[in-house]
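Comments concern the structure below.
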Amino acid sequence: MFDDVIWDKLNEECGVFGVFGHADAPQLTYYGIHALQHRGQESAGICASDGKNFSYHRGMGLVTEAFGNDELDHLRGHIAIGHVRYTTAGESKIENAQPLIFKYSHGNLALAHNGNLVNAKQVRHQLERQGSIFQTTSDTEVVAHLIARSGYDKIEEAVKESLRMIKGAYALLIMTEKKMIVALDPNGLRPLSLAKLGDAYVVSSETCAFDIVGATYLREVEPGEMVVIDEDGLRSERVSGNTQRAICSFEYIYFARPDSDIDGINVHTARKRLGRELAAEAPVEADVVTGVPDSSISAAIGYAEATGIPYELGLIKNRYVGRTFIQPSQELRAKGVRMKLSAVRKVVEGKRVVMIDDSIVRGTTSGRIVQMLRDAGAKEVHVRISSPPVMNSCFYGIDTSTRAELIAAKKNIEEMRQFIGADSLAFLSIDGLMRGTGRNSDHPNNGHCLACFTGQYPTEIYEEIEDESESENHCESLSKS
Ligand code: SF4
């Protein structure tokens with residue numbers, strides 16, 4: 001995808017949305033996954049149930065590309081679950097688009113999953129040895145097979161048994177002809193919230209999708225919780241007694257939409273506070289503050305407010321660069337960045353500029369943006385990053401690149417500064433990050449996952465780790481099987 005080639009960012013894997021008990025459930029789900037489009041642009045899908053039969057459609061691309069009126073019109077029912085996907089586990093092909101649909105001995109089953117399982121390979125291998133045949137390379141299918149092979153007749157019991165066998169990150173929607181089951185992993189690594197729309201229940205990866213469909217926020221789904229919604233209403237059960245919230249810090253830093261709230265904290269407001277913390281930790285004499293659009297603008301506003309240096313739109317994003325634009329060669333990648341971003345000469349010319357970005361992954365894009373500001377006449381470019389250095393891979397559904405590609409795993413801050421060509425470079429500290437999000441929790445790290453910064457993973461890690469041989473700083477918390 002064009003974006004991935006030129007845009008050096010972490011990528012979210014998926015978004016899920018579901019409705020129970022509304023005559024327009026498929027249409028509402030369409031609007032819901034459209035509001036979650038930023039969480040995945042590779043494929044989109046909706047499965048609906050009228051109480052007896054499933055109807056579904058899945059397609060590649062954006063929600064508007066995957067669905068036309070015809071595809072939406074043939075979806076019928078009062079229950080629906082939807083999904084948008086960005087690939088990190090499993091290949092990029094239609095078979096892996098979700099919701100995944102299965103027939104099993106008790107009827108139909110649809111699954112939509114945000115997150116990655118860390119023991120999917122192990123469970124899959126075991127299931128294959130017992131005779132299971134997998135249709136996809138998605139680790140979500142592992143959950144379906146576990147449910148189908150369970151000895152329990154009741155779907156709730158089968159799901160519970162299956163959830164106890166999987167490890168890692170899952171915000172999971174499971175639909176049968178008559179029920180919707182919602183489950184969150186014991187660390188609550190991915191966000192998942194419940195809302196009401198009249199008598200109907202709505203569930204979403206992010207609260208921004210509730211606003212679009214007019215639903216009223218009820219509460220977060222709790223770590224280790226399973227919620228069953230059927231004609232008798234909503235029931236909640238604890239699947240795991242050993243829960244410890246470790247929400248992905250990058251939901252606050254970069255992934256989630258600024259108009260979403262996570263655990264009651266507005267994402268834009270949290271980002272502004274990250275900017276304020278960054279200003280306190282790494283002030284610099286400068287004339288203007290600018291943010292790399294869109295995700296860094298909130299932090300840039302916070303930095304400007306705290307320092308008194310005026311915030312300006314020094315960088316403008318071109319919103320109309322198609323995802324399927326010609327794949328650029330190495331030498332054309334810099335031009336690719338220029339197609340997505342422009343520096344505003346009249347704002348930065350002759351100025352000392354503070355450029356706020358939310359993260360540095362490989363460092364290549366940061367270097368190009370610094371050069372772009374210099375080419376537009378900036379006298380000095382001081383880069384401030386509203387997160388700590390990303391030094392470790394994520395195993396929970398975020399595409400962080402391999403550790404060998406992460407610039408912060410290989411270079412110290414001065415070496416990174418030289419690499420990106422900035423006059424100065426500073427990152428937010430881990431304490432600053434935890435203060436900035438404003439989370440207040442008894443759980444370790446205030447309920448944040450910080451593993452890509454610290455190497456301390458909130459779960460065991462079972463999967464093989466790609467080429468870690470170059471790393472001098474191998475994380476001791478990893479346990480390979
Ligand atoms: S390792 Fe990093 S990207 Fe992955 S869930 Fe934890 S905080 Fe998020």
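Filter the range 123-145 down to the residues that are open to solvent by less than 70 Å² (accessible area, probe 1.4 Å) and under 14 Å from Ser162 (Cα atoms) and list them by number. Reasoning before the result, please.
Within the range 123-145, the first condition is being open to solvent by less than 70 Å² (accessible area, probe 1.4 Å), and the residues that meet it are 123-124, 127, 131-132, 134, 136-145.
Result: Val123, Arg124, Leu127, Asp139, Thr140, Glu141, Val142, Val143, Ala144, His145.
Looking only at the range 82-92, decide whether some residue is free of Cβ contacts under 8 Å to residues at least 40 places away in the same chain and open to solvent by 10 Å² or more (accessible area, probe 1.4 Å).
Going through the range 82-92, the residues free of Cβ contacts under 8 Å to residues at least 40 places away in the same chain turn out to be none.
No - not one qualifying residue is present in the range 82-92.
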Please report, ordered by residue number, the helices (runs of 4 or more DSSP H) entirely within the range 351-441 with at least 3 residues that are within 16 Å of the ligand (Cβ to nearest atom) and farther than 16 Å from Ile253 by Cα.
407-410
Counting only residues that are polar (S, T, N, Q) and touching a Gly at 6+ places or on another chain (Cβ under 9 Å), the range 175-203 contains a total of 2
In the range 157-201, how many residues are without any contact (Cβ under 8 Å) to a residue 24 or more places away in the chain and touching a strand residue (DSSP E or B) at 6+ places or on another chain (Cβ under 6 Å)?
2
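The values are calculated or read from the model by the stated rules, or taken from the named source; none is laboratory data. As the structure is a prediction and not an experimental result, all values here were calculated from the model. Glycine also receives a Cβ, built like all others from the backbone with ideal geometry; neighbour counts cover every protein chain displayed. Accessible surface areas use protein heavy atoms only, side chains included; no ligands, DNA or RNA. Shrake-Rupley method; radii C 1.70, N 1.55, O 1.52, S 1.80 Å.
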